Amino acid sequence: MRALLIAVLVLLGIAVAADRVLVVVSENQLAAAIEEQGQLPAEPEISIEGFPFLTQAISGRYESVRVGVDVAALGLPPGATADIQLLGAEVPLDSVLSDSVTSVPVDKVVGTVTFPFDYIAEQLGGATVTGDGSGLRVETTVSLLGQDFPVAATAQLSLVGREVILTASNVEGPGGQLPDEVGAVVLDLLDVTFPVPELPFGLVFTAIEVVSDGMRVVAEGSDIVLEDPA
């Protein structure tokens, strides 16, 4: 009985080791394939999620693959972060092992980009921007008729295509309400539109929200086939 238990443990150890080795091999092969077929500017970092991995590799279907990309190479500003997840990626095991992956069908791709508050502040000419529930709080100084007015306003974000639209409201000064003329100038200055850099895989931006560390934009794509553009 003891010998049988030892044999089982040894086999389990071998299986776990094989599982981990195959993960590394598959991640390396997928990274090269996704870089080329997704037309990425640099080879991404790949993380295949789920355990045991071996069953996914044998079936040729990976339920969740994280793709780490170079944000600077994507044209994103300093401080921004990007996360891309492939859901239901199909890559036959023999293609992975023989380094002959020619296409990667994916059920769904979800990408998120988070821009820090400092980036939004730059779009507003150096204002101070913080989160305020589902919106933003913007503090800045407006010069009008030779006077400087410290002002604060709330702002909401919306998304049209790849354009982020910031719409301000509820403008206040140090003592509360501002003269109508000043309020109108502030609203005009704080109503801005700026583009979001395009993400790989032909993803379409679908949502925007304010999070604890900035502004998060979500992009999605379904039934995507990553293949060599040549």
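General observations
- The range 112-152 versus the range 157-230: alpha-carbon centroid distance in Å: 13 Å
- Just so you know, the Rg over Rh for the range 90-167 is 1.35, from Cα atoms, with Rh as the Kirkwood radius.
- Label-point gap, in nm, between Ser98 and Glu227 - each point 7 angstrom along Cα→Cβ: 1.8 nm
- Of the three principal axes defined by the Cα atoms of the range 88-230, the extents in descending order read 72, 29, 20 Å.
- Phi to ³J(HN,Hα) by Karplus 6.51 cos²θ - 1.76 cosθ + 1.60 over the range 54-66, Hz, x for Gly, Pro: 4, 5, 5, 4, 5, 6, x, 10, 10, 5, 8, 10, 8
- Whole-Hz couplings from phi, Karplus 6.51/-1.76/1.60, listed for the range 86-100; x for Gly and Pro: 9, 10, x, 8, 10, 9, x, 4, 5, 5, 5, 5, 9, 6, 10
Values in this text are rule-based calculations from the coordinates and carry no lab data. This is a predicted model, so every value here is computed, not measured. Neighbour counts are summed over all protein chains in view; Cβ atoms, including those assigned to glycine, are modelled from backbone coordinates with ideal geometry.
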